[in-house]
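Undergrad: Questions regarding the structure given below will be posed in turn.
The values are calculated or read from the model by the stated rules, or taken from the named source; none is laboratory data. Note that the structure is a prediction, hence the values are computed from the model and not measured. Cβ: placed from backbone, ideal geometry, glycine included. Neighbour counts: every protein chain shown.
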Amino acid sequence: AAVSLGITYEAIQPHLRIPEAKGRSIIVRKGISGLLTPGGIQSQAFVLNDITNQLIFEKELSDRILLSDVFGVAVFDPQGSLVIANRDVHDFCRANAISLDGRDRFMEGLTPFIMEKGNEGALFDEWLQRTPITVSLTKPDKQYLKVDISTLPVGEKQYSLFILTNITKLKEVEILKGQIVSIVSHELKTPMTNIMGFSEILVEELEGEMKHFAGIIQEESVRLTKFVNTFLDINRIEEGRQQIKMVPVLLSDLLEEAALTLSPLAEKKGIKLLVQKAVLPVSVSADRDLTKQCIINLAENAMKYSPPNREVTLQIEETADTVRVNIIDQGYGIRNEDLNNIFEKFFRSSSEETEDIKGSGLGLSFVKEAVEAQGGRIAVTSTYGLRSTFSLVFPKAA
């Protein structure tokens, strides 16, 4: 009705004649008499239209929240006050002593239950970048929730929307699968160690063609042992069993140590390995051994996927609020369509140049899990056929 009233006025406006007295300014009528003019009617019609749209939106939002088949939904207004939440949210907050008295207090209450590291004390905008997050609750029963966070525009205002989905069954299957794989991997570990040891003895004792065959056995057993160990490392991190020792770490030291470890491989491949330190010493809060392993993995990959006589650079870069360890190569690069998948387990980017290069597809997956477990993240840029840059990104130490 309000819209129709406004449209009707627009249609008849050209035909209206409002008399004006010569030499006198028009006096704007106020109050009821002002509202009864054509202009007043149109103005109030548009106000009524805006209010109607707002009410319709709020009704649809309320219905969607209260009748939702997901576990729970909570909406907070731009000031952070709770607008609405369904019964399941109230129940699980009450059981786990999580406050709904404001968005920030709700986030603070969720933080101890978050499985992913790095959300401690984080602001809402940082949670938005890391969504979804996984929450593990013990009351009233053991359950896992996926929390999707987004902003909800209402007119010119931005509301905060939290959608919680119960993923307990999915998570339990995932954990069981990981446990089975872990058991199988452990069973492989002992015989592979024996094969590796015996093949090393054979390489030293045998001559000619037999020595060559023993060398192949040794090389493949080393590769398979590394595969098993990497898989077990990923599994430990995913299940939260990996002990993370966060200490101040001087990154320049890690780069020097990684370069020293990798120098024989660089020499064998004909790669020039460079280290570019920051002007001033830079430290971050991280697990020293885990971070060093991440740098070594990325640098090994850079050399593996680079032709001979190229450079691989280990570089420290500071921004306003982060510190980045960049591993820059002049290798084969990665196709754009593969960039979103390279951190998935067992994924390998395919190209003519790299199809004969051996690899498990686990190295980058390990790096991603390891750096995220420390509250950091991994980033990559690549130009196919020219270069790639992998970056370990850490928040600056306070």
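Undergrad: If a residue must be in a loop (DSSP other than H, G, I, E, B) and either of a type in the set (Phe, Trp, Tyr) or at pLDDT 85 or above (or both), how many such residues does the range 87-121 contain?
TA: Taking the range 87-121 as the starting set, the residues that turn out to be in a loop (DSSP other than H, G, I, E, B) are 96-102, 115-121.
Now restrict to residues that are either of a type in the set (Phe, Trp, Tyr) or at pLDDT 85 or above (or both): 96-102.
Total satisfying the criteria: 7.
Undergrad: Is there a residue being surrounded by fewer than 17 Cβ atoms within 10 Å (Cβ to Cβ), closer than 19 Å to VAL323 by Cα and either without any contact (Cβ under 8 Å) to a residue 40 or more places away in the chain or out of contact with any helix residue (DSSP H, G or I) (no Cβ under 9 Å at 6 or more places or on another chain) (or both) anywhere in the range 204-217?
TA: no
Undergrad: Anything in the range 257-286 that is at pLDDT 90 or above and among the basic types (Lys, Arg)? List them, or say none.
TA: Answer for the range 257-286, where residues must be at pLDDT 90 or above and among the basic types (Lys, Arg): just LYS272.
Undergrad: While we're on this one: Scan the range 78-104 for residues that are surrounded by fewer than 17 Cβ atoms within 10 Å (Cβ to Cβ), farther than 20 Å from THR138 by Cα and of a type outside the set (A, V, I, L, M) and jot them down.
TA: If the condition is that a residue be surrounded by fewer than 17 Cβ atoms within 10 Å (Cβ to Cβ), farther than 20 Å from THR138 by Cα and of a type outside the set (A, V, I, L, M), then PRO78, GLN79, GLY80, SER81, ASP101, GLY102, ASP104 are the ones that fit.
Undergrad: Identify the residue in the range 128-161 that is assigned to a strand (DSSP E or B) and hydroxyl-bearing (Ser, Thr, Tyr) and, among all such residues, is surrounded by the most Cβ atoms within 10 Å (Cβ to Cβ). Lay out the reasoning, then the answer.
TA: We begin by selecting, within the range 128-161, every residue assigned to a strand (DSSP E or B); these are 133-137, 143-154, 157-161.
Right, trim to hydroxyl-bearing (Ser, Thr, Tyr) and you get 134, 136, 144, 150-151, 159-160.
Numbers: THR134: 14, SER136: 15, TYR144: 20, SER150: 11, THR151: 14, TYR159: 17, SER160: 22.
My answer is SER160.
Undergrad: Moving on to the next point. Test ILE180 against the criterion of being among the β-branched types (Val, Ile, Thr), surrounded by 12 or more Cβ atoms within 10 Å (Cβ to Cβ) and either in contact with a helix residue (DSSP H, G or I) (Cβ under 8 Å, 6 or more places away or on another chain) or at pLDDT below 80 (or both), and give yes or no.
TA: no
Undergrad: Would you mention how many residues in the range 318-347 are within 26 Å of SER252 (Cα to Cα) and charged (D, E, K, R)?
TA: Residues meeting the conditions: 4.
To keep it simple, each residue is scored yes or no on (1) more than 27 Å from the chain's Cα centre (by Cα); (2) in a loop (DSSP other than H, G, I, E, B); (3) modelled with pLDDT under 90; (4) charged (D, E, K, R).
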| residue | (1), (2), (3), (4) |
| --- | --- |
| ALA299 | no, no, no, no |
| VAL325 | no, no, no, no |
| LYS358 | yes, yes, yes, yes |
| GLY361 | no, yes, yes, no |
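Undergrad: Does LEU262 satisfy the condition of being in contact (Cβ under 8 Å) with a residue 12 or more places away in the chain, in contact with an Asp or Glu (Cβ under 7 Å, 6 or more places away or on another chain), within 14 Å of CYS294 (Cα to Cα) and assigned by TED's automatic domain parsing to the domain that holds GLU369?
TA: yes
Undergrad: Moving to a separate point now. Answer with yes or no whether GLU344 is assigned to a loop (DSSP other than H, G, I, E, B) and among the acidic types (Asp, Glu).
TA: Numbers: assigned to a loop (DSSP other than H, G, I, E, B): yes; among the acidic types (Asp, Glu): yes.
Judged against the criteria, GLU344 is a match.
Undergrad: Restricting the search to the range 365-386, which residues are buried (at least 19 other Cβ atoms within 10 Å of the Cβ) and in contact with a Gly (Cβ under 6 Å, 6 or more places away or on another chain)?
TA: GLY375, SER382
Undergrad: While we're here: Cβ-Cβ distance below 8 Å, separation of 6 or more or different chains: which pairs start in the range 103-117 with a residue that is in contact (Cβ under 8 Å) with a residue 40 or more places away in the chain and end on one that is part of a helix (DSSP H, G or I)?
TA: From residues that are in contact (Cβ under 8 Å) with a residue 40 or more places away in the chain, the pairs are ARG103/PHE124; PHE106/CYS93; GLU116/ARG130; GLU116/GLU372; LYS117/GLU372; LYS117/ALA373.
Undergrad: Which residues, taken from the range 310-323, are in a loop (DSSP other than H, G, I, E, B) and either in contact with a strand residue (DSSP E or B) (Cβ under 8 Å, 6 or more places away or on another chain) or outside the structural domain of SER388 (by TED's automatic domain parsing) (or both)?
TA: Within the range 310-323, the subset in a loop (DSSP other than H, G, I, E, B) is 310, 319-321.
Across the range 310-323, the qualifying residues are ARG310, ASP321.
Undergrad: Same structure, new question: Identify, from the list ILE296, ILE234, the residue that is assigned by TED's automatic domain parsing to the domain that holds LEU362 and among the aliphatic types (A, V, I, L, M).
TA: Details: ILE234 fails: assigned by TED's automatic domain parsing to the domain that holds LEU362.
Answer to the check: ILE296.
Undergrad: Which one of these is farther than 30 Å from VAL83 by Cα and not in a helix (DSSP H, G or I): GLY240, GLY215? Give the steps one after another, and end with the answer.
TA: Values: GLY215 fails: not in a helix (DSSP H, G or I).
The match here is GLY240.
Undergrad: A follow-up question, please. Out of (1) over 26 Å from THR313 (Cα atoms); (2) of a type outside the set (Asp, Glu); (3) surrounded by fewer than 16 Cβ atoms within 10 Å (Cβ to Cβ), what's the single condition that is false for VAL275?
TA: (1)
Undergrad: Only one of ILE296, ILE244, ILE195 is surrounded by fewer than 18 Cβ atoms within 10 Å (Cβ to Cβ) and out of contact with any strand residue (DSSP E or B) (no Cβ under 7 Å at 6 or more places or on another chain). Can you tell me which? Break it down into steps so the answer makes sense when it comes.
TA: Details: ILE296 fails: surrounded by fewer than 18 Cβ atoms within 10 Å (Cβ to Cβ); ILE244 fails: out of contact with any strand residue (DSSP E or B) (no Cβ under 7 Å at 6 or more places or on another chain).
Only one candidate qualifies: ILE195.
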